[in-house]
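One structure is given below, encoded as structure tokens.
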Amino acid sequence: MTLDLFAQPAGKEIIAPGACLLRGLALARESAIWQALQSVIAQAPLRHMQTPGGLTMSVAMSNCGPLGWVSDRQGYRYQALDPLSQQPWPAMPAEFMALAQQAAILAGFADFTPDACLINQYAVGAKLSLHQDKDERDQSHPIVSVSLGLPATFQFGGLQRSDKLLRTELQHGDVVVWGGPSRLRYHGILPLKSGTFSYMGTYRYNLTFRRAS
Ligand code: SIN
Ligand code: FE2
């Protein structure tokens, strides 16, 4: 018997300690994911939030799960109610949860149960500036990020804003997981280039699963 200590699932690229890229992982569930996404955004429409500084974000956002990430003049936070409707966010679809947990396990995070899924919709030109995900209470849980639709350039840096950036193109179905020593790495998305992606049209979607509470 040979024991390969470095055996990895096909398509797993380690990008930093505690961070990996799982190319195409969401493809096996894409139609169920797409249907679930449509249902969530029918209940909690995508909207452009304000930053605390009063700018309008270029990415349109919604959420599902017990908690949703919101930004407004008061700041960034997680809350149980959609500020547009004052109703709870839509439930986390079972297919979303299954994909997030599968990705976390493949990345080496065995007990990840997200309670928040932020949905980002990028139209041409929309971007997400370099930032850290640090509004979650317990940062021992990873971030699981699923890319759908048009490709985009993902920037993945270090723990300081000025650290060198890795740039990689994220394609439909790719999943990135970062946790452990990489949990607070800076990351962002460069302005989306125009294109058309079969049934998802002229957008990129991103699902970011977090354990917020
Ligand atoms: C995020 O940082 O919340 C989203 C990143 C992405 O759209 O890939
Ligand atoms: Fe982020």
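The values are calculated or read from the model by the stated rules, or taken from the named source; none is laboratory data. Source: prediction; values computed, not measured. Counting neighbours? That spans all protein chains shown, and the Cβs are built from the backbone with ideal geometry, glycine included. Accessible surface areas use protein heavy atoms only, side chains included; no ligands, DNA or RNA. Shrake-Rupley method; radii C 1.70, N 1.55, O 1.52, S 1.80 Å.
Taking the residues in region 169-182 that are assigned to a loop (DSSP other than H, G, I, E, B) and open to solvent by less than 10 Å² (accessible area, probe 1.4 Å) as candidates, determine which candidate is nearest to ligand 1 (Cβ to nearest atom). So the residue we want is ASP174. One residue alone among LEU128, LEU159 is closer than 17 Å to CYS20 by Cα and either more than 16 Å from ligand 2 (Cβ to nearest atom) or of a type in the set (A, V, I, L, M) (or both), and that residue is LEU159. Name every residue in region 68-89 that is open to solvent by 50 Å² or more (accessible area, probe 1.4 Å) and outside any loop (DSSP other than H, G, I, E, B), in order of residue number. Across region 68-89, the qualifying residues are TYR76, ARG77, LEU81, GLN87, PRO88. Only residues that are over 24 Å from LEU190 (Cα atoms) and not in a loop (DSSP other than H, G, I, E, B) were counted across region 42-67, and they come to 4.
Restricting region 193-213 to residues that are out of contact with any helix residue (DSSP H, G or I) (no Cβ under 9 Å at 6 or more places or on another chain) and within 16 Å of ligand 2 (Cβ to nearest atom), the residue that is most open to solvent (accessible area, probe 1.4 Å) is ARG211.
The residue list THR56, THR51 contains one member that is within 16 Å of ligand 1 (Cβ to nearest atom), over 27 Å from THR113 (Cβ atoms) and among the polar types (S, T, N, Q), which is THR51. The residues of region 113-134 that are touching a residue at least 60 places away in the same chain (Cβ under 8 Å) and open to solvent by 60 Å² or more (accessible area, probe 1.4 Å), listed by number, are THR113, VAL124, LYS127. As an exercise: evaluate GLN101 against (1) under 15 Å from VAL144 (Cβ atoms); (2) in contact with a helix residue (DSSP H, G or I) (Cβ under 9 Å, 6 or more places away or on another chain); (3) free of Cβ contacts under 8 Å to residues at least 60 places away in the same chain and give the number of the one condition it does not meet. Failed condition: (2).
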